[in-house]
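Have a look at the structure below, then the notes.
Values in this text are rule-based calculations from the coordinates and carry no lab data. Since this is a predicted model, take the numbers as computed values, not measurements. Every residue, glycine as well, gets a Cβ built from its backbone with ideal geometry; the counts of neighbours run over all protein chains shown.
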Amino acid sequence: MKTRILYNRIAVLRGERNISRKELAEKIGVNFQTVGFLERGEYNPSLDLAFRISELFELPVEVIFSAEPLKPLSQELMEYKKKVGE
């Protein structure tokens with residue numbers, strides 16, 4: 001079975017919080033190179049690692065990871081606001 005590509009927002013979230021790859025790696029218990037592999041889509045996280053990342057960023061897993069390309073967060077926020085009538 002072919003491995004599914006997972007898209008993620010790790011680099012964007014790191015940038016928003018001004019966290020280096022090394023700092024993120026230390027906080028989630030992996031090598032800093034693993035963070036780079038994750039960000040580039042060269043490595044899919046284990047379920048446990050995906051949850052550690054989501055807990056660190058305090059966001060649901062599905063906001064960070066997707067099997068389909070992710071829209072920019074600003075676009076998703078605008079769509080959400082239209083949906084709820086703000």
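Of note:
- Size of electric dipole in the chain: Cβ of Lys, Arg +1 and of Asp, Glu -1, about Cα centre, debye, nearest 20: 180
- Entry for Cα extents along the principal axes in Å (calculated from the structure that is shown) out of (1) 67, 23, 18; (2) 43, 36, 19; (3) 53, 23, 17: (2)
- Taking every lysine pair in the range 5-86 that is 8 or more places apart or spans two chains, those with Cα atoms closer than 30 Å amount to 5.
- Sorted by Cβ density within 10 Å, fewest first, the residues THR3, THR34: THR3, THR34
- This ranking places LEU13, LEU38, LEU6, LEU59 by how few other beta-carbon atoms lie within 10 Å of each, fewest first, which gives LEU59, LEU6, LEU13, LEU38.
- With helices as the sole contributors, the chain gives -16500 deg cm²/dmol at 222 nm; each DSSP H run of n ≥ 4 counts as -39500 (n - 2.57), and the sum is divided by every residue.
- Applying the criteria of a DSSP loop state and at most 13 other Cβ atoms within 10 Å to the chymotrypsin sites (Phe, Trp or Tyr not before Pro) of the range 20-71 yields no site.
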